[in-house]
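I have placed the structure first, in the form of structure tokens, so that the comments after it can refer back to it.
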Amino acid sequence: MVAPGIVIAATASGTGKTTISTGLMRALSRRHAVAPFKVGPDYIDPGYHGVAAGRPGRNLDSFMCAPEMIGPLYAHGAADSDIAVVEGVMGLFDGRIGNDPLSVEGSTAEIASLLGLPVVLVIDARHMSQSAAAVVHGFSTLRTDVRVSGVIINQVGSPRHADIITRSVEAMGVEVLGAIPRVTDIEVPSRHLGLVTAVEQGEQLEAVIESMANLVETYIDIDRIIQLARQPYPAEPWDPAQFVAPLALNRRVRVAVAAGPAFSFTYAEHRELLQAAGAEVVDFDPLVDELPEAEGYIVPGGFPEEHADALSIRDDIRRDLRQAADDGALIHGECAGLLWLLEDLGGRRMCGIIPGRAHMARLKLGYREAVALTDSALCPVGTRVRGHEFHKTALTDDTASVAAAAGWQPAWGWRGYQGETVRDGFVSESGRIHAGYLHVHPAGAPGNVSRFVASCAG
């Protein structure tokens with residue numbers, strides 16, 4: 001039996017749903033086993049969720065992993081738990097931008113509908129009173145397949161303010177589950193890509209999460225939320241072993257995955273798929289650790305721009321990674337991984353494996369439908385994947401030509417918003433090094449994981 005769940009959604013970004021969701025996960029975990037989830041491609045919030053709930057935070061992304069996989073991935077992540085809490089993304093109906101103005105593809109609403117889970121809507125009360133009733137009415141009636149079962153009022157200015165909004169919302173037939181006053185001492189610092197990651201919070205993280213939980217315990221009816229949670233549509237749990245081909249060897253290959261404050265953007269399913277394919281997975285922090293011996297190296301996304309000074313003085317690990325590449329090791333870099341493999345990031349020295357440089361630039365984000373343009377150890381040419389971009393850096397104008405002159409070929413291609421051809425990333429002449437800005441959810445492209453591990457085995 002799959003654990004019952006509840007979706008914490010919001011009218012828009014910035015309403016406080018991450019604070020409430022994280023606090024609820026910790027408050028519930030004081031008495032139950034809680035499975036934490038996040039809608040969409042977000043890497044940062046699941047880091048907080050994992051600490052709050054004491055088990056890996058996982059993503060539910062219907063674009064990158066397909067709608068039919070949401071039930072199995074939920075069942076897998078919720079195994080052996082009593083209740084699941086799913087934090088939404090942006091506003092309830094915000095998702096992939098397409099031709100249909102009312103499409104909910106990739107949205108919190110789609111996930112709630114696919115799983116049959118009730119929605120608790122968080123509203124920001126700072127600039128309204130009775131108008132909250134109209135907001136709730138609109139959100140609860142826009143689609144018949146999405147059930148708004150309760151409302152949490154955030155940022156109320158006084159008990160009277162809370163009472164006015166509560167009565168107006170409940171007049172619409174939707175239950176108010178709590179009203180949280182304006183609080184300024186529970187804030188998580190943010191930067192250009194969102195919140196500062198959990199791994200960067202250090203010792204203060206636990207205190208911050210406990211404060212969130214105490215806030216939720218004080219002002220929200222947690223027992224009622226437990227009552228509202230519902231059993232999702234039944235599905236067999238996702239099993240990584242069913243999606244990868246195990247090695248035809250009597251040994252495992254070693255795959256080293258960069259981690260720590262600079263490279264924390266990973267999905268829990270990636271490690272599970274690597275292991276199912278026959279890899280021994282070891283973590284290393286490029287800021288402080290030596291480079292482990294391995295047949296393959298994966299450098300995920302993160303914030304290398306925030307740690308560029310510390311990375312730039314690690315002559316030893318840069319030398320060792322270049323030597324590993326020269327000796328034939330496989331390397332896959334994703335976004336931050338690409339930046340670290342370059343020669344230079346914002347004037348700070350990086351590994352120098354890929355010729356070229358990068359600098360801070362305008363934020364670029366969105367879902368992408370990409371095709372592999374070059375054969376590599378990750379995937380054959382023509383492989384189609386769904387992924388996303390999420391970065392505030394850019395390659396210098398001459399990097400593509402410099403890399404091409406050195407024998408590097410483009411990794412991915414897709415159509416831009418105006419129909420233009422976009423090329424992303426680089427593949428070495430041997431195909432053993434693959435790096436680009438594109439993030440891909442491994443559960444949505446398990447064949448890439450199989451091929452990478454098999455290529456590590458030779």
Pairwise centroid distance, computed over Cα atoms, of segment 337-356 with segment 1-64, Å: 34
Mind sorting W412, W238, W340 by how few other Cβ atoms lie within 10 Å of their own Cβ, fewest first? W238, W412, W340
Selected from V176, I6, T22, residue furthest toward positive end of dipole (the chain; charges at beta carbon): V176
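Could you size up the charge dipole of the chain around its Cα centre, putting +1 on the beta carbon of Lys and Arg and -1 on that of Asp and Glu, and report it in debye to the nearest 20?
720
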Going from the fewest other Cβ atoms within 10 Å to the most, one would list K38, K392, K364, K17 as K364, K392, K38, K17
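Quick check: convex hull over the Cα atoms of segment 250-304, volume per residue in Å³, rounded to an integer?
Given the Cα convex hull of segment 250-304, per-residue volume reads 63 Å³.
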Give me the mean projected area, in nm² to one decimal, of the convex hull enclosing the Cα positions of segment 5-228. 11.8
For the chain, averaging the sequence separation of alpha carbon pairs under 8 Å that lie six or more residues apart and dividing by its residue count, the contact order in percent is 14
Among the aspartates and glutamates, select those whose C-alpha is under 17 Å from the C-alpha of K17, and discard any that sit fewer than 8 residues away in the same chain. D42, D45, E87, D94, D124, D185, E187, E210, E217, D221
Note down the magnitude of the dipole of segment 240-457 about its Cα centre, charges +1 on Lys and Arg C-beta and -1 on Asp and Glu C-beta and zero elsewhere, to the nearest 20 debye. 580
Answer with one residue from P261, V385, V244: the one whose Cα lies farthest towards the positive end of the charge dipole of the chain, charges on Cβ with Lys, Arg +1 and Asp, Glu -1. V385
Arranged by the count of other C-beta atoms within 10 angstrom, fewest first, what order do S401, S168, S62 take? S401, S168, S62
Would you kindly compute the Cα radius of gyration of segment 328-458 and its largest Cα-Cα separation (Dmax), both in Å? 13.9, 42
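Using the Cα gyration tensor of segment 88-191, with a ≥ b ≥ c the square roots of its eigenvalues, what is the shape: rounded (a/c below 1.5), prolate (a/b larger than b/c) or oblate (neither)?
oblate
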Segment 240-457: antiparallel DSSP beta bridges as a percent of all, rounded to 5: 55
Estimated FRET transfer efficiency when R0 is 35 angstrom, pair D398-D283 (beta carbons, to 0.05): 0.50
Which value in nm describes the separation of the simple spin-label points at A310 and R147, placed 7 Å from the Cα toward the beta carbon? 4.7
Share antiparallel - DSSP beta bridges, segment 60-210, percent rounded to 5: 15
The chain: C-alpha gyration tensor shape, a/c 1.5 cut-off, then a/b vs b/c: prolate
Which angle between 0 and 90 degrees, to the nearest 10, do you get for helix 315-326 versus the longest principal axis of the chain when only C-alpha atoms count? 70
Non-local amide H neighbours of A35 (under 5 Å, H modeled in plane, Pro and chain starts lacking H): which ones? D82, I83, A84, V85
Taking a cut-off of 23 Å between Cα atoms, list the lysines near K392, but don't count ones fewer than 8 places away on the same chain. K38, K364
At 222 nm, what value in deg cm²/dmol follows for the chain if DSSP H runs of at least 4 each add -39500 (n - 2.57) and the sum is divided by all its residues, to the nearest 500? -8500 deg cm²/dmol
Can you tell me the orientation of helix 446-457 relative to the chain, as the angle in degrees between its alpha-carbon axis and the longest Cα principal axis, to the nearest 10? 30
Only bridges with both residues in segment 1-149 count here: give the DSSP antiparallel percent, nearest 5. 0
Helix 204-219: inclination vs the chain longest Cα principal axis, degrees, rounded to 10, gives 20
Share of Cα-Cα pairs in segment 265-387 beyond 23 Å, in percent? 36
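Quick note: the coordinates plus some simple rules give every number you see, no bench work behind them. This one's a predicted model, so the numbers in the text were calculated from it and none came from an experiment. Don't worry about glycine lacking a Cβ; one is built from the backbone with ideal geometry, like all the others, and counts go over all protein chains shown.
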